[in-house]
Amino acid sequence: MKRPAFIIFNTGAALLAAAGASYGADAIGLPNVSLTVGGENSPQGVSTAIQIVLLLTVLSLAPAILLMMTSFTRLIVVFSLLRQALGVQQAPPNQVIVGLSLFLTFFIMSPAITKINETALKPYMAGTISQEAAFTGAIQPLREFMLKNTREKDMELFLRLSKAEAPKTKDEIPTLALIPAFVTSELKTAFQIGFLIYMPFLVIDMVVASVLMSMGMMMLPPVMVSMPFKLMLFVLVDGWYLLVGSLVQSFG
């Protein structure tokens, strides 16, 4: 019988406290806060607002730009295939592979990034060029990088699928057709490199499996026995040095 009374008492106390707080707020006269959008008429304020909108747009598209218009795709695919070829599913972990691919991408794309900063970002922030000129100056180094690493066959495919007129020069190639052609070329190159990486490790797996079968140890997984030999081979030939060096040099 005491529990319902206790609940009613607490409810009443909470209502009184809320009413007291409301009355106190009205008595003190707290200031009203309102947010408005628009109403900026000065050119400087409008320009700042446009810059903020453009910055937010670039930040929202940054992951797509990183994946589709840089060397990141080839690097991450090759490193993933290497891990599978070694037979170790969690070494190195995903964070290490993504981080290594990311910083190698910054290293490979540093000439293009420097050019974008010098020809597009700095002049636009200084107010010497328009937004259209800044966009053209920023996309041009990326287009040059993609054109150097895109196969003509893939480019012809997407130009044919877009039903666009055949461009006379490389500058007339539309960016919307260049990006998927570049990604397709990167995937093919990455799988070619992955095939070459797989071959020596596949030979080790076959030799170990044949030895185990000849010894009658068919219940022992060959992968468990071959993994140390594959790691030893990769370390002895300084595999990370050779692979990273070859990947960086493979970009035009």
- Want the number for ALA166 to LYS122: 0.36 nm per residue separation, take away the alpha-carbon distance, what's left? 12.4 nm
- Using alpha carbon coordinates only, what is the Rg to Rh ratio of segment 187-252, with Rh defined as the Kirkwood radius? 1.11
- What nm distance separates the two modelled labels at SER250 and MET206, each placed 7 Å from Cα along Cα→Cβ? 2.3
- Task: Give, in nm to one decimal, the length gained when the segment between PHE107 and LEU196 is fully stretched (0.36 nm per residue of separation minus the Cα-Cα distance).
- Result: 29.6 nm
- Taking the highest mean first, how do the peptides 140-147, 237-244 order by number of other beta carbon atoms within 10 angstrom per residue? 140-147, 237-244
- Task: Would you mind putting 165-173, 111-119 in packing order, based on average other-beta-carbon counts within 10 Å, highest first?
- Result: 111-119, 165-173
- Query: Taking the Cβ-Cβ separation of LYS148 and SER214 as r and a Förster radius of 41 Å, what is the calculated FRET efficiency to the nearest 0.05?
  - Reply: 0.20
- Between PHE229 and GLU156, the FRET efficiency computed from the C-beta separation at R0 = 30 Å comes out, to the nearest 0.05, as 0.10
- Packing-wise, with mean Cβ within 10 Å as the measure, how do 72-79, 129-136 rank, highest first? 72-79, 129-136
- Taking N as the residue count of segment 132-252, its alpha carbon Rg divided by 2.2 N^0.38 Å gives 1.63
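Here, each number is a calculation from the coordinates, and none is a lab measurement. These numbers were taken from a predicted model, which means no experiment stands behind them. Methodologically, a virtual Cβ is constructed for each residue, glycine included, from the backbone with ideal geometry; neighbour enumeration extends over all protein chains shown.
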